[in-house]
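Below is one structure, written out as structure tokens; comments come after it.
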Amino acid sequence: MSKTAFIGLSGRSYPYVRVRCYDFAAELKRHGVETSVISFRDHLSGGLSELEMWDRGDRAKLGMSVKALARLLRERPHLLYIQKIHYHAAAPYLLARLGMRPYVLDYDDWDEGIECLFKRPWLNSMLFGHARYSDILKAVAGNASACVVSSRYLLERLSGLTRNIALVPTGVDTTVFTPHGKRNDDGKVVFGWSGVVWGELMLDNMLFMLRCFRRVASGVPGAALRIVGGGQLMPRVREVIAREYRDCDIEVGEWLPHGRMPEFLSRIDVGLLPLIQKGNPWIEAKSPTKFFEYMAMGLPTVASRVGELRYITKDGQDGFLAETEDEFAEKMRLLAADPDAGKRMGERARGTIVDRYSIEIVGGNLFQFLCSCNLLERGEI
């Protein structure tokens, strides 16, 4: 039987590793493939936070890489599944360069420009064969037995680097993220956002959302905004709200473990996903986990008309897409003014997820693709 090891940097609490390592591994196992997951945070870090994982020095990064290498040699998987190209990819890539294991590259973000490798260029050259991220991406994608990407943007960018490539959206577990019936009986219309404010780009999106909400709240009694998340710049979001939005009903909570996210979303009436930097590679490449979670919960959503979102949502049917601040705020108003229309939109959103983006469907597609590349033994479907 084939054995596939999924290798990710962050922990199960972060969406991309939760879905594209843990959930994908579980789906392959359901199809008869033996799988394991090596999360640098969950298994090798000694309990560090997500932020500490990113801020590790090269000595600590190398230490975790040596542990990962030892574990891979001990477990002897037939196939390595490398999720993202961060410093955690060095150990499995080194095994592949030595001709010991084939690997699949799972690429779900455009990470060029993000400090995610080793800090010393010579270390990247020694472990990846190149110092620059762009060259490392070409090498890792070019030497992969197959590449799996999460968006059409990434499909286009990586297609010239590899022979075997497939689009597999992030998807969502529809048995966990499922509608909970009536949400609010206190007359409030609650808008919600969840995520990580990791840099200025995400901070700009949060400030855009706050401006839109203020415009809605000024004409909709009972409008409320609930935010949960973390990240380096979340304290600045809190400061802006305390200073400029004291007259608005806004609450900001801490990052929630994945098991508690459905509980939070069950108290939300409308999901929000502003990504205003149209044309930015990171934005265009996104297959946002939170978007699938909103829709799976039966929430009507207002999202930016960018990247993969344009292909997931049919504007006005199972969600709203918008570009300008005026358009975003107006579609928020429409949902606040007509809860029944929002409920119908949310039901259609749930149907879209069940039909096209449930973890069972995307996991099955992943299994079929890897079999077509002769990387897995076929199991019972």
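Scanning the range 23-63 for residues being of a type in the set (Phe, Trp, Tyr) and either surrounded by fewer than 17 Cβ atoms within 10 Å (Cβ to Cβ) or not assigned by TED's automatic domain parsing to the domain that holds residue 93 (or both) gives a total of 0. The test for being within 20 Å of the chain's Cα centre (by Cα) and in a loop (DSSP other than H, G, I, E, B) does not hold for residue 56. Could you check, for the range 323-330, whether at least one of its residues is β-branched (Val, Ile, Thr) and either outside the structural domain of residue 299 (by TED's automatic domain parsing) or free of Cβ contacts under 8 Å to residues at least 40 places away in the same chain (or both)? Yes; the residues of the range 323-330 include at least one that is β-branched (Val, Ile, Thr) and either outside the structural domain of residue 299 (by TED's automatic domain parsing) or free of Cβ contacts under 8 Å to residues at least 40 places away in the same chain (or both). Within the option set 292, 369, being of a type in the set (A, V, I, L, M, F, W, C), crowded, with 24+ Cβ neighbours inside 10 Å and in contact with a strand residue (DSSP E or B) (Cβ under 6 Å, 6 or more places away or on another chain) holds for one residue only, 292.
Let me confirm something: among 287, 266, which residue is of a type in the set (Ser, Thr, Tyr) and farther than 24 Å from residue 167 by Cβ? Explain how you work it out, then say what you get.
On the way: 287 fails: farther than 24 Å from residue 167 by Cβ.
Every option except 266 fails the conditions.
For the residues 114, 38, 82, the requirement of being at pLDDT below 95 and in contact with a Gly (Cβ under 9 Å, 6 or more places away or on another chain) singles out 114. For the range 244-286, a residue qualifies if it is under 16 Å from residue 202 (Cβ atoms), aromatic (Phe, Trp, Tyr) and out of contact with any Ser or Thr (no Cβ under 9 Å at 6 or more places or on another chain), and exactly one does: 282. Pairs are defined by a Cβ separation below 6 Å, a sequence spacing of at least 6 or placement on different chains, a first member in the range 191-205 that is in the same structural domain as residue 275 (by TED's automatic domain parsing), and a second member that is hydroxyl-bearing (Ser, Thr, Tyr) and surrounded by 20 or more Cβ atoms within 10 Å (Cβ to Cβ); no pair meets this definition.
In the set (1) out of contact with any Pro (no Cβ under 6 Å at 6 or more places or on another chain); (2) outside any helix (DSSP H, G or I), residue 202 fails one condition alone, (2). Considering the range 322-336, and only residues there that are outside any helix (DSSP H, G or I) and loosely packed, with under 15 Cβ neighbours inside 10 Å, the residue that is farthest from the chain's Cα centre (by Cα) turns out to be 324. Per the listing 145, 151, the residue uniquely touching a residue at least 60 places away in the same chain (Cβ under 8 Å) and closer than 30 Å to residue 298 by Cα is 151.
Of all residue pairs spaced 6 or more apart or on separate chains, those with beta-carbon atoms under 6 Å, a first member in the range 360-371 that is assigned by TED's automatic domain parsing to the domain that holds residue 106 and a second member that is β-branched (Val, Ile, Thr) and not in a helix (DSSP H, G or I) are 362/168; 365/168; 366/168.
Within the range 337-353, being touching a helix residue (DSSP H, G or I) at 6+ places or on another chain (Cβ under 8 Å) and surrounded by fewer than 17 Cβ atoms within 10 Å (Cβ to Cβ) holds for one residue alone: 341.
Would you confirm, using the coordinates I've provided, whether residue 229 is under 21 Å from residue 265 (Cα atoms), surrounded by fewer than 20 Cβ atoms within 10 Å (Cβ to Cβ) and without any contact (Cβ under 8 Å) to a residue 40 or more places away in the chain? Steps first, answer last, please.
Working: under 21 Å from residue 265 (Cα atoms): yes; surrounded by fewer than 20 Cβ atoms within 10 Å (Cβ to Cβ): no; without any contact (Cβ under 8 Å) to a residue 40 or more places away in the chain: yes.
Spelling it out, it is not the case that residue 229 is under 21 Å from residue 265 (Cα atoms), surrounded by fewer than 20 Cβ atoms within 10 Å (Cβ to Cβ) and without any contact (Cβ under 8 Å) to a residue 40 or more places away in the chain.
Inside the range 206-226, residues that are under 20 Å from residue 265 (Cβ atoms), touching a residue at least 60 places away in the same chain (Cβ under 8 Å) and not in a helix (DSSP H, G or I) make up a count of 1.
Listed by first and then second residue, the pairs linking a residue in the range 101-116 that is closer than 20 Å to residue 307 by Cβ to a residue that is among the polar types (S, T, N, Q) and crowded, with 24+ Cβ neighbours inside 10 Å, with Cβ atoms under 7 Å apart and 6 or more places separating them unless they lie on different chains, are 106/83; 108/150; 108/170; 108/287.
The values are calculated or read from the model by the stated rules, or taken from the named source; none is laboratory data. All values reported here derive from a predicted model rather than from experimental measurement. Reconstructed Cβ throughout: ideal geometry from the backbone, glycine too, with neighbour counts over all protein chains shown.
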